[in-house]
Each structure stands twice: as structure tokens, then as C-alpha cells.
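The values are calculated or read from the model by the stated rules, or taken from the named source; none is laboratory data. Small disclaimer: the values here were computed from a predicted structure and weren't measured. Don't worry about glycine lacking a Cβ; one is built from the backbone with ideal geometry, like all the others, and counts go over all protein chains shown. Quick note on the areas: whole protein, heavy atoms, side chains included, nothing else; ligands and nucleic acids left out. Shrake-Rupley method; radii C 1.70, N 1.55, O 1.52, S 1.80 Å.
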Amino acid sequence: MKIFLDTAETDVVRKHFKTGLIDGLTTNPSLIRKSGRKHEEVYQEFKDIGLNDISMEVIGNTENMISEGKRLSKKFGKVATIKVPCTVDGLLACKELAENNIRVNVTLIFSPDQAILAAKAGAAYVSPFVGRVDDNSFGGLCLIKDIANVYAKQNWTSTEILAASIRNVRDVGRAFEYGANICTIPTKV
Ligand code: G3P
């Protein structure tokens, strides 16, 4: 039952990290852009704060994602989790990175089928987008439950469910109840 922060604001993270309750952090290109800083500078500051699991999103085609993922992993070591989108390119990149013992978070998961493919590609984490599924009039929390059921029925333990796009406190408790292993939470929530 891990709590991650979903942000690129280093000052806020420093404050919350002191509670001892924060297990990791996720970022994405929009959050980094909003911080107005260079992504690697932000990652380094998080690492210096003491975070030991930082999702760093890579973009482009399979080759771009693999080379950038390997570079970031070499630079930041074990704290780096490489985040890729659940697209064909992203899944191929996931497979290659995972085979190189790099922890991969497959993001933009909107169905159990995507979560199955990501698991097969070696993802350490899948990130179902609870809030965005709700925005589209489907049940975001049901998605967590469905993925957790599939993994449980298949005795699949090598991929953890990281509930993302969390918009309120109630969803955090429910996501854990429905089988999320991790919730990544914006600091305002
Ligand atoms: O973790 C994903 C998140 O940053 C997107 O959240 O609220 O924009 O759907 P939201």
C-alpha cells in the first residue's frame, strides 16, 4: 500500500517527504513543463531529497524511448522508473527496457486488455487513469478492480497497479480497496 506524489514541484515534495509516508513519485511532461525547469534538474532534486522511485516519462518512437530510458536509468540508477505510454511503440520499448532490468511504468491504461499487454511486456507498474476514465462516463475505480481481478486470477504478481489521475481523497481509499498497490496523488489532493 504505497503512496506516491504526482507532481514536479520540488518544494512541496520536500515538505511531504518529511512525513515519512511518501514511497515514490511520478512526473509527466506537462507537470515538468509547468514547473518551468529542466526535467533532469527536477529528477536530480527529487533524488537528493531521498526519493528512491521516480517515474520519468520518455516520448517518441520505440527507439527514442529505449535510448532515452537507458540513458536516464544509467544517469539516475535504481531510483529511475521509466514511464512509457501504452501504445505499440511504448510496449515494445517496455519489453526491451525490462529485459535490461530497468523498472518500467506503462501509463495511459484505460482497459484491462491494455494492462494484460503491459504485464506481458514486463511492466513493473501499470497506471490506469481513474479520473480520465470517469471523465468519459466509465467507472475509473471499476477499471482498478477489473485489472486487479485479472492479475489475481492469473496469479500475476510481477506487475503492480499504480492508480493515477486521482482527483479526490475518496478515490485513494477506494483504489486501494479495489486492488491498487500504489496510488499516485497530486499534492492538492
Ligand atoms: O498521473 C496522471 C496525471 O498526472 C493526470 O492526471 O488529473 O490530469 O487526469 P489528470
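At a glance:
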item	result
Using a Förster distance of 35 Å, the FRET efficiency for Lys18-Ala152 (Cβ separation, nearest 0.05)	0.50
Cα-based shape type of the range 6-115, given that a ≥ b ≥ c are square roots of the gyration tensor eigenvalues and the cut on a/c is 1.5	prolate
Gaussian network model of the chain, springs between alpha carbon atoms under 10 Å - residue of Glu160, Glu41, Glu177 with greatest fluctuation	Glu41
Amide hydrogen neighbours beyond the local backbone of Lys83, cut-off 5 Å, H modeled	Met56, Glu57, Val58, Asn105
Cα-Cα pairs of the range 118-189 separated by more than 17 Å (percent)	37 percent
For Val150, net neighbour charge (Lys/Arg +1, Asp/Glu -1) across residues whose Cβ lies under 14 Å away	0
Lys18, Lys75, reordered so the largest accessible area comes first (probe 1.4 Å)	Lys18, Lys75
Set of the range 76-97 residues, backbone N closer than 15 Å to the point 7 Å along the Cα-Cβ line of Asn61	88-93
Net charge of neighbours whose Cβ lies under 15 Å from the Cβ of Ala175, counting Lys and Arg as +1 and Asp and Glu as -1	-1
Percent carbon-and-sulfur accessible area, the range 1-156, ignoring ligands, DNA and RNA, probe 1.4 Å	53 percent
Alpha carbon convex hull of the chain, volume per residue in cubic angstrom	109 Å³
Student exercise, the range 1-160 dipole from Lys, Arg, Asp, Glu Cβ charges, in Debye to nearest 20	340 debye
Sites Arg37 and Lys188 - FRET efficiency at Förster radius 25 Å, r taken between beta-carbons, to 0.05	0.80
Accessible solvent surface per residue of the chain, calculated while the other protein chains remain in place, 1.4 angstrom probe, Å²	50 Å²
